[in-house]
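Written out below as structure tokens is the structure these notes cover.
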Amino acid sequence: MLDDERCIVCQRCSRFDEIITGERSLVVMDRGQRDVIATASGEPYRSDFSGNVTELCPVGALTSKTYRFKSRPWDLNRTATTCTQCSVGCAFNVDVRHGEILRTMSVPDDAVSDGWLCDRGRYNVAYVSAGDRLTQPLLRDGDGWTQIAWDDAIALWAAKLGAADAASLAFLGGGRLLNEEMLLLSDLATTLGTKHVDWRTGRQRQASPGAHGGSYADLDAAQAIVVAGRPPAQTAPVFDLRIRKAVSQRGARLIVAGDHALGSPLAYERVAGANDLSGLNLDGIERIALVWDGIDGREGARAEAALQAWLAAGKTVSVFIPGEQNNARGADAFGLLPREAGADTAGILAAARAGELAALSIFGANPVVHAPGGPAAVREALAAVPFVVVSELFLTETAELATLVLPARAPYEKSGHVFDLTGALHAVVPALDGPPGPLADGEMLIALADALGHELQAPRALRERATAPLPASTLTLGDVAFGTVTGAAAVTSGLRLAIAADIFAGAGTLAHDAQLHELRLRPAVTLNARTAAAAGLRAGDSVDLSARGQTVSGLTVRIDAGSADDVATIVDGVPGAIASAFVDGEAVTLSARIAAGSGAL
């Protein structure tokens, strides 16, 4: 919010908008004593980094709606910790009063974030004190729930796991756990003899960049930045700010492979796909940053071929994989992957549908929304498992199908460590106690191991393992160690699909954050103007999107010049328009429901 009477027109906000984000939305309107900060378009200021201007404003003319006039700074208790909303690893300060998080603030000298925060990391905090948070274990009782004590919940969980054959047990999730919790889960799975373990409950297949993983300094120094697959603007926003800095301030060349919109105002070159990367003319360029989304293993293998060609030409290449889940690097490193002949997420769900699982434990994941195959297939799989336990903060779409739901602590309420996408270690420090009742996932696992009679490592030894540097890796991009991916066949004509990410999509903490209600995404499909005109569609029209007998209904048409020709883009994880049933690059059709034009594409 802007209070004009306080503004001294110092232009810090507009310079941030021009120099740091490159978006050029904020301008000085009028002249002389009538100078005022406004938007160039006349529309409300929209940016994924808008909260930074409230910190830059020296006179309080710009304030955050979520914190405005709620407290004096000296009445707050401040904790320095690490943001866990994505895999970047930004340091930030969490300010608490009377047990409630009132605001978060950036750390000016943070080597990761350069002192900036994205709006998802800054503002998605009110869910911690939401009235619908789970605070007591819930046991399914017919179509309803019965609250039970923690001792009874752990005893029941242990009894079900202890009575089952190891081959009929499976664990899903873990990419959002702390390092210490991941190690406990991995050790427990090993002790139980469980081979069916996987953290990859969404689209991403790989988080480890291999022997050529880069640091943020390598990204800053790159002369060319090559993005294969989904760009990082909406999966790792502050990482994208560093790309903007390298391009706009240091002259790096930006190349995007594939159909996805870049999601930032930078000028770039587009190539048709990752298979074209090895043929790029990079003469005179010595340092390359290769950014891959870790989703399609075939695309990763093609990027690996280009990587090897560049290395053979004497170039220095740094690889980055911004993950869907904040601690994906840790999940890969600590073995939350199928063991030996174990099944991955798709295999676990298939085994569940076949009646081969006796118990399935899910940690901080929502496969009903995110797992490939679509919600109906996941619901069918979970319904076929006799005992499903879910650790969660809220009664999510997946938790609603569980036999036992265990209330978990939020990241602001527990302590441990995480790895960022470069493999650097960061500490997570509790900023508040949280509501009585929930336990950290690590506490649940310790109690479960004790009930099973299994001995886990002492805390000191566990902490040493959790904070040790990541070992050197020989993995390649698209490595077969992470399984094969069967994607869509090449589309030579017609409309093809791109499945994008957005920082304000999701059915977890964002869906339960009342402060961010107006920022949640509504079901939409994005086209460029040429593609929309060919279909007789205009912005605001309502359409259905279909492929292979699957349909998402009631999508609002949006027009974006950054979209590629003949590409329809939908966002993954939007409640009411779940994209998990579809595959990137497949042929789709759009059918008008309430359209200004006529016909269907």
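The values are calculated or read from the model by the stated rules, or taken from the named source; none is laboratory data. A quick note: this is a predicted structure, and the numbers were derived from the prediction, not measured. Counting neighbours? That spans all protein chains shown, and the Cβs are built from the backbone with ideal geometry, glycine included.
Here are the numbers for the structure shown:
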| quantity | calculated |
| --- | --- |
| Search result, residues across region 384-403 that are touching a helix residue (DSSP H, G or I) at 6+ places or on another chain (Cβ under 6 Å) and either over 22 Å from G142 (Cα atoms) or aliphatic (A, V, I, L, M) (or both) | A384, V385, V388, V389, V390, L401 |
| In region 421-435, residue farthest from V238 (Cα to Cα) [restricted to those that are touching a Ser or Thr at 6+ places or on another chain (Cβ under 6 Å) and in a loop (DSSP other than H, G, I, E, B)] | P435 |
| When residues of region 432-447 are limited to those that are out of contact with any strand residue (DSSP E or B) (no Cβ under 6 Å at 6 or more places or on another chain) and charged (D, E, K, R), the one surrounded by the most Cβ atoms within 10 Å (Cβ to Cβ) | E443 |
| Matching entry among L516, L475, L497, L555 (being part of a loop (DSSP other than H, G, I, E, B), crowded, with 17+ Cβ neighbours inside 10 Å and in contact (Cβ under 8 Å) with a residue 24 or more places away in the chain) | L475 |
| Condition met for E340 (modelled with pLDDT under 95 and buried (at least 24 other Cβ atoms within 10 Å of the Cβ)) | no |
| Members of region 558-581 that are in contact with a strand residue (DSSP E or B) (Cβ under 6 Å, 6 or more places away or on another chain) and assigned to a strand (DSSP E or B) | R558, V567, A568, T569, I570, V571 |
| Of all residues making up region 193-215, the number that are among the aliphatic types (A, V, I, L, M) and under 23 Å from I243 (Cβ atoms) | 2 |
| For Q206: the one exception among (1) in contact (Cβ under 8 Å) with a residue 60 or more places away in the chain; (2) surrounded by fewer than 24 Cβ atoms within 10 Å (Cβ to Cβ); (3) part of a loop (DSSP other than H, G, I, E, B) | (2) |
| Any hit, region 219-229, residues being of a type in the set (D, E) and touching a residue at least 60 places away in the same chain (Cβ under 8 Å) | no |
| Answer residue from region 462-472, given it is in contact with a strand residue (DSSP E or B) (Cβ under 9 Å, 6 or more places away or on another chain) and either in contact (Cβ under 8 Å) with a residue 24 or more places away in the chain or farther than 16 Å from G423 by Cα (or both) and is surrounded by the fewest Cβ atoms within 10 Å (Cβ to Cβ) among those | P469 |
| Answer residue from region 448-459, given it is surrounded by fewer than 14 Cβ atoms within 10 Å (Cβ to Cβ) and at pLDDT 95 or above and is nearest to E413 (Cα to Cα) among those | D450 |
| Complete set of residues in region 124-156 that are part of a loop (DSSP other than H, G, I, E, B) and among the basic types (K, R) | R133 |
| Among residues of region 102-112, those that are more than 16 Å from T54 (Cβ to Cβ), in contact (Cβ under 8 Å) with a residue 40 or more places away in the chain and buried (at least 17 other Cβ atoms within 10 Å of the Cβ), counted | 1 |
| Helices (runs of 4 or more DSSP H) contained entirely in region 317-409, each with at least 3 residues that are more than 30 Å from G549 (Cα to Cα) and in contact with a Phe, Trp or Tyr (Cβ under 6 Å, 6 or more places away or on another chain) | 328-333 |
